[in-house]
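Step one of this worksheet: look at the structure below.
Computed from the coordinates by the stated procedures, all read-outs in this text should not be read as laboratory data. These numbers come from a predicted model, not from an experiment. In this analysis, Cβ positions are derived from the backbone assuming ideal geometry, glycine residues included, and neighbour counts consider all displayed protein chains.
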């Protein structure tokens, strides 16, 4: 059985977990905090990042985008990435946009944890501007459609929903729901799915001197 290594707070891990549920793929979840002194993540991923998917032959895949594309090819159930190249690129564009918002959101979290003398308010503003622009483009591209692309749930919706969920988790002062009511409607619909409800990020105590994403 496949094994997913990751933390309970990482949005990238959450994306992989949601895909596993939607694809009805059985797996074991191995919680590991890559910021801990006791982490075993570098043994599976030399970059020391999560998620890591350990396959049945003990080979590993890392980077959430690689993992979810692999998972979508494992089972024909609930295809999340279209076969048609134009439609596939549209879904992957949504994923890239959502992941870009996440990258900026994580960067702000880490910067805010730095000592006051080392903290860069200019860097934080730059990343927050990326978040605001990225979410605005999500709202624009979604428009009045029920799904990000096509007529059913795809990886585009999952990536978008995970990004918005992380903003709720770590950037609750950014009220994107008021600014973009169409995204709020999509997020509410996604929250009703077991895959989203069961993978809500939750904080766990971090070792002294360590930070979490």
Next item on the list: Might you let me know whether the stretch 42-54 holds any residue that is within 21 Å of residue 154 (Cα to Cα) and in contact with a strand residue (DSSP E or B) (Cβ under 7 Å, 6 or more places away or on another chain)?
Entry: yes
Check: Which one of these does residue 31 not meet: (1) surrounded by fewer than 13 Cβ atoms within 10 Å (Cβ to Cβ); (2) over 23 Å from residue 170 (Cβ atoms)?
Finding: (2)
Next item on the list: Could you list, in sequence order, all residues of the stretch 183-201 that are farther than 18 Å from residue 21 by Cα and either touching a residue at least 60 places away in the same chain (Cβ under 8 Å) or surrounded by 15 or more Cβ atoms within 10 Å (Cβ to Cβ) (or both)?
Entry: 183, 184, 186
Check: Which residues, counting only those in the stretch 41-69, are surrounded by fewer than 15 Cβ atoms within 10 Å (Cβ to Cβ) and either without any contact (Cβ under 8 Å) to a residue 12 or more places away in the chain or under 22 Å from residue 160 (Cα atoms) (or both)?
Finding: 42, 43, 46, 57, 58, 59, 66
Notebook entry, point to check: From the set of residues in the stretch 121-136 that are more than 17 Å from residue 185 (Cβ to Cβ) and touching a residue at least 24 places away in the same chain (Cβ under 8 Å), which is surrounded by the most Cβ atoms within 10 Å (Cβ to Cβ)?
Noted result: 131
Margin query: It is to be established whether one or more residues within the stretch 70-88 are under 12 Å from the mean Cα position of the chain (by Cα) and either assigned to a helix (DSSP H, G or I) or farther than 21 Å from residue 148 by Cα (or both).
Written below: no
Next item on the list: Please work out if residue 13 is in contact (Cβ under 8 Å) with a residue 12 or more places away in the chain and part of a helix (DSSP H, G or I).
Entry: yes
